[in-house]
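Colleague: Before anything else, here's the structure in question.
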Amino acid sequence: MNRREYPEYGVDWCSERLDNGLEVHVLEKPDFHQIYAMFSTRYGSMDTRFRLVGMNDYTDVPDGVAHFLEHKMFEEPDGDVFQQFAQLGASANAFTTYDQTSYLFSSTTHAFENMKVLVDFVQNPYFTEENVAKEKGIIGEEIRMYDDTADWRCYTELLRAMYHSHPVRLDIAGTVESIAKITPQLLYRCYETFYHPANMVLVVAGPVNSSRVVEAMAENQAKKSFQPFPGIDRDFPREPVSVREKSVRHNLAVRQSRCLVGFKEKNLPTNGSDLLRQELLTGVLLDSVFGRAGETFEKMVDDGLADSTFGWEYEVTRSYGHAILGGNSAHPEALATAIRQHAERVLESGVSNIDFERSRKKTLGRLLASYDGLSALARDVTAYVLKGTHPFDALHVLQSITVEEAFARARELFGTEHMSASYILPVHEQAQPVMA
């Protein structure tokens, strides 16, 4: 077992790879009363074309399979897994992203019993024609609900505008038409490809003994049989640097317009350490340029272009990346123009050292404070491990980045040739033709 102490985070981190390939990470926080555990697979909505290493043919699946499979995992022949967790005093949930599916629970008692339930139900799929047909109706309603939600619709339409062919442009839940094509046989095929222990990670955080957790999981896994795991080939289409559309507009039954602006990443990291550094550096850059403590945000508020919903986010993987900024606005197109103009000013005059240092120190503080909570700690460690980055290098990276690096990052990220805007307008405002 690999064990390291991180006093700056107040955590002892232990990791072990079991005989079947499952990675187990234990984050010992002895002063806590709650236990938080996540069981995750490297499988998300963008995995629409794949094959096991050594196979000749790729499998193409409809949009939304990963999310659909996540929903169905909680159903068993003799009932609902949520009931088992409830009887053990635990709260359970799950989520699917573009490149990850995670199942989790939190509790204050019965840690090992809940861990067993978590791992056992995820490793025991149960799909039938009847329960798959039933789920199509449930997820179909979920899709229609999100289609009418301004925040989500603005975001997903922006991704469709930015990307030509990469499957990140597809809605995580798919469409009503795409999920209609899902069958139990297809779910089993995807499950057998992506839910092998060697493609999965278990993270447990709280007042637990790492040796006992690893021993319990090793014993649990030894009772189950798995085929050898050859690895997975994911086939993503070639994605141009340019955006697909400069802007898109849609009308919804909302009172307030919304605008999101996206900058498509043209430099994608090829290894875990570069990915972590780029992610943290870009976050500090965006906060120093567009954060709420800066002059840009204050001016946009004073001009009536932005309000308290304004924010930014940055996401990067080895196959896609983007920065997204915006929020509600009475003048959405003017907000997009202000974002573009300020990005251009940064390219001309550079990044303020004062703003950069403030944002860097703020990010450091938020990182350390967030790890006082088990949920943030477990989720971050899971995300970093799945991406192939060291989960506790973030502090060192944040301490080492410079304003000169931030300016170089701005020159890579900001540019009108890879910028798109998405607008959600009230129904009484006529949508304008989409600009090419």
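The values are calculated or read from the model by the stated rules, or taken from the named source; none is laboratory data. Please read these numbers as outputs of a predicted model, since none were measured by experiment. Ideal geometry is used to build each Cβ from the backbone, glycine not excepted, and the neighbour counts take in all protein chains shown.
Colleague: Condition test on D47, is it touching a helix residue (DSSP H, G or I) at 6+ places or on another chain (Cβ under 7 Å) and touching a residue at least 60 places away in the same chain (Cβ under 8 Å)?
Modeller: It is true that D47 is touching a helix residue (DSSP H, G or I) at 6+ places or on another chain (Cβ under 7 Å) and touching a residue at least 60 places away in the same chain (Cβ under 8 Å).
Colleague: Same structure again: Quick test of your reading of the structure: Y36 fulfils all but one of (1) under 25 Å from S211 (Cα atoms); (2) part of a loop (DSSP other than H, G, I, E, B). Name the failing condition by number.
Modeller: Status for Y36: all satisfied but (2).
Colleague: Determine which member of the set R169, R212, R238 is basic (K, R) and surrounded by 14 or more Cβ atoms within 10 Å (Cβ to Cβ).
Modeller: Step by step, each of R169, R212, R238 is checked, and only R169 is basic (K, R) and surrounded by 14 or more Cβ atoms within 10 Å (Cβ to Cβ).
Colleague: Same structure, new question: What residue, among those in the stretch 277-312 that are within 20 Å of I401 (Cα to Cα) and among the β-branched types (V, I, T), is surrounded by the most Cβ atoms within 10 Å (Cβ to Cβ)?
Modeller: Step by step, filter the stretch 277-312, then rank; the result is V284.
Colleague: Let me ask something else. Go through the stretch 248-276 residue by residue and tally those that are within 17 Å of the chain's Cα centre (by Cα) and surrounded by 22 or more Cβ atoms within 10 Å (Cβ to Cβ).
Modeller: 4
Colleague: So S308 fits all but one of (1) over 23 Å from F392 (Cβ atoms); (2) modelled with pLDDT under 95; what number is the exception?
Modeller: (2)
Colleague: Report yes if E135 is assigned by TED's automatic domain parsing to the domain that holds T59, part of a helix (DSSP H, G or I), farther than 15 Å from S45 by Cβ and in contact with a His (Cβ under 7 Å, 6 or more places away or on another chain), otherwise no.
Modeller: yes
Colleague: Anything in the stretch 262-271 that is in contact with a His (Cβ under 7 Å, 6 or more places away or on another chain) and either free of Cβ contacts under 8 Å to residues at least 40 places away in the same chain or not charged (D, E, K, R) (or both)? List them, or say none.
Modeller: G262, F263
Colleague: Quick one: in the stretch 215-235, which of the residues that are of a type in the set (A, V, I, L, M) and either surrounded by 15 or more Cβ atoms within 10 Å (Cβ to Cβ) or within 23 Å of the chain's Cα centre (by Cα) (or both) is farthest from D99 (Cα to Cα)?
Modeller: Of everything passing the filter in the stretch 215-235, A216 is farthest from D99 (Cα to Cα).
Colleague: Residues that are under 22 Å from F226 (Cα atoms): list the helices (runs of 4 or more DSSP H) wholly contained in the stretch 44-128 that include at least 1 such residues.
Modeller: 65-72, 111-122
Colleague: Looking only at residues that are surrounded by fewer than 16 Cβ atoms within 10 Å (Cβ to Cβ) and over 19 Å from T282 (Cβ atoms) in the stretch 371-406, which one is farthest from the chain's Cα centre (by Cα)?
Modeller: Step by step, filter the stretch 371-406, then rank; the result is D372.
Colleague: Let me ask something else about it. Looking at V132, V119, can you tell me which residue is under 24 Å from the mean Cα position of the chain (by Cα), over 30 Å from Y320 (Cα atoms) and touching a residue at least 12 places away in the same chain (Cβ under 8 Å)?
Modeller: V119
Colleague: Does T97 fit the bill of being surrounded by 22 or more Cβ atoms within 10 Å (Cβ to Cβ), β-branched (V, I, T) and under 21 Å from G388 (Cβ atoms)?
Modeller: Here the answer is no, as T97 does not meet what is asked.
Colleague: Right, something else. Could you list all residues from the stretch 199-230 that are touching a Leu at 6+ places or on another chain (Cβ under 7 Å) and closer than 21 Å to P125 by Cβ?
Modeller: Correct list: M200, V201, L202, M217, Q221, P230.
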